[in-house]
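Chemist: Mind having a look at this structure? Questions to follow.
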Amino acid sequence: MSRTVHTSVMPAEALSFLALRPGDRVVDGTLGGGGHTRLLAEAVGPTGLVIGIDRDPGAIERGASAFAGLPVRLAQANYRDIPEVLDALAIDRVDAVLLDVGLSSDQLADDTRGFSFDSEGPLDLRFDPTEGEPAWRLVNRLRPETLADLLYEYGEERHSRRIARRVAAAREREPIRTARQFAAIVTAAVPRQYPPPRIHPATRSFQALRIAVNEELKSLRIALERVPGRLAEGGRMVVIAFHSLEDRLVKQAFRNAQVWECLTRSPVEASEAEVAGNPRARSARLRAARRLPDPPAA
Ligand SMILES: C[S@@+](CC[C@H](N)C(=O)[O-])C[C@H]1O[C@@H](n2cnc3c(N)ncnc32)[C@H](O)[C@@H]1O
């Protein structure tokens, strides 16, 4: 298993909002390369515990060797199942939860998963390669209108109909299999722009397919509903989102004044210095909230 190539986003900001103390128990629902987990483990110290969760078996395998001997327990699971993970560890409530959602640079760098535009690997795009439908099957199966709606809804792709028509024509000739093949079809479908855009023309389409095959918005919505039930009074939750659809869900959830005291009026963004060193941080939006006490029983 290779070393992680992922750089954690807004580590100082996340730690500051989580306000951890030695001995705390904290869930990192998106282990990824383990950068945040390591900082959390340092903050809670040997008497505390970090529960690191990821859907990706590769992230868990890497974490198992990186965190051997540290107060870190790992679980390959969906973060929407945090209550079940805690039940298995006989833990009722934790002091903090961090979610840094989306894709890691390790997944992007893995040529067999199809996350990068020039990958010769299958267009898979699943975080857990054993669960659900790979993206190549979706693009070969969906009716063009349905595919266009998906690209528009999850990718905010303005050229969704043109792309879906091109996909339909291409798959008549031969099935779409690789990430590179799909990226080339999308690139040919979208009108050329001058000056050329900062992002690859297939970025939005890849994002849309990835969100769909992993049910990313559904997982986040469910996690936001379920986490308060397992967070101690005064416990903190921090979510780092990478596009507006996710950020909107977090913003709406933290607005519930029965449950949360929102600690971020507007989302926190990465500093210019961080973005200069890690361009991925450019689109990150961090929101934090504190769990309010349950109202007294009537
Ligand atoms: C941005 S990376 C996290 C990086 C990590 N915070 C770090 O410092 O290295 C996102 C990770 O979340 C995982 N992930 C995405 N959705 C998930 C879900 N619903 N449940 C569990 N893990 C998920 C992905 O597999 C990926 O490894």
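The values are calculated or read from the model by the stated rules, or taken from the named source; none is laboratory data. What you see is a predicted model, and the numbers here were worked out from it, not measured in a lab. Here the Cβ positions follow ideal geometry from the backbone for every residue, glycine too, while neighbour counts run over all protein chains shown.
Chemist: Is at least one residue of the stretch 199-222 without any contact (Cβ under 8 Å) to a residue 40 or more places away in the chain, within 16 Å of the ligand (Cβ to nearest atom) and surrounded by 21 or more Cβ atoms within 10 Å (Cβ to Cβ)?
Modeler: no
Chemist: Then there is this: From the list Glu272, Glu233, Glu261, Glu246, which residue is surrounded by fewer than 16 Cβ atoms within 10 Å (Cβ to Cβ) and over 23 Å from Pro293 (Cβ atoms)?
Modeler: Unique residue meeting the criteria: Glu272.
Chemist: So which of Gly33, Gly58, Gly52, Gly23 ends up being modelled with pLDDT of 95 or more, over 20 Å from Pro83 (Cα atoms), within 11 Å of the ligand (Cβ to nearest atom) and touching a Ser or Thr at 6+ places or on another chain (Cβ under 7 Å)?
Modeler: After ruling out the rest, the residue left standing is Gly33.
Chemist: Here is a follow-up. Among the helices (runs of 4 or more DSSP H) confined wholly to the stretch 196-297, which include 2 or more residues that are among the aliphatic types (A, V, I, L, M) and within 13 Å of the chain's Cα centre (by Cα)?
Modeler: 203-214, 216-226, 244-254
Chemist: Can you tell me which residue among Arg21, Arg3 is within 20 Å of Glu233 (Cα to Cα), assigned to a loop (DSSP other than H, G, I, E, B) and among the basic types (Lys, Arg)? Give the steps one after another, and end with the answer.
Modeler: Values: Arg3 fails: within 20 Å of Glu233 (Cα to Cα).
Result: Arg21 is the single residue among Arg21, Arg3 that is within 20 Å of Glu233 (Cα to Cα), assigned to a loop (DSSP other than H, G, I, E, B) and among the basic types (Lys, Arg).
Chemist: Identify all residues within the stretch 145-161 that are in contact (Cβ under 8 Å) with a residue 24 or more places away in the chain, surrounded by fewer than 17 Cβ atoms within 10 Å (Cβ to Cβ) and not in a loop (DSSP other than H, G, I, E, B); write none if there are none.
Modeler: The one that is in contact (Cβ under 8 Å) with a residue 24 or more places away in the chain, surrounded by fewer than 17 Cβ atoms within 10 Å (Cβ to Cβ) and not in a loop (DSSP other than H, G, I, E, B): Glu153.
Chemist: Just to check your reading of the model, which residue among Phe127, Phe182, Phe206 is within 30 Å of Arg291 (Cβ to Cβ) and of a type outside the set (Val, Ile, Thr)? Working first, answer last.
Modeler: On the way: Phe182 fails: within 30 Å of Arg291 (Cβ to Cβ); Phe206 fails: within 30 Å of Arg291 (Cβ to Cβ).
Testing whether each residue is within 30 Å of Arg291 (Cβ to Cβ) and of a type outside the set (Val, Ile, Thr) leaves just Phe127.
Chemist: If Asp128 satisfies all but one of (1) assigned to a loop (DSSP other than H, G, I, E, B); (2) more than 10 Å from the ligand (Cβ to nearest atom); (3) surrounded by fewer than 20 Cβ atoms within 10 Å (Cβ to Cβ), what's the number of the condition it fails?
Modeler: That leaves (2) as the condition not met.
Chemist: Against the definition (at pLDDT 95 or above, within 14 Å of the ligand (Cβ to nearest atom) and closer than 28 Å to Leu286 by Cβ), how does Arg73 come out, yes or no?
Modeler: Taking the combined requirement at face value, the residue does not satisfy it.
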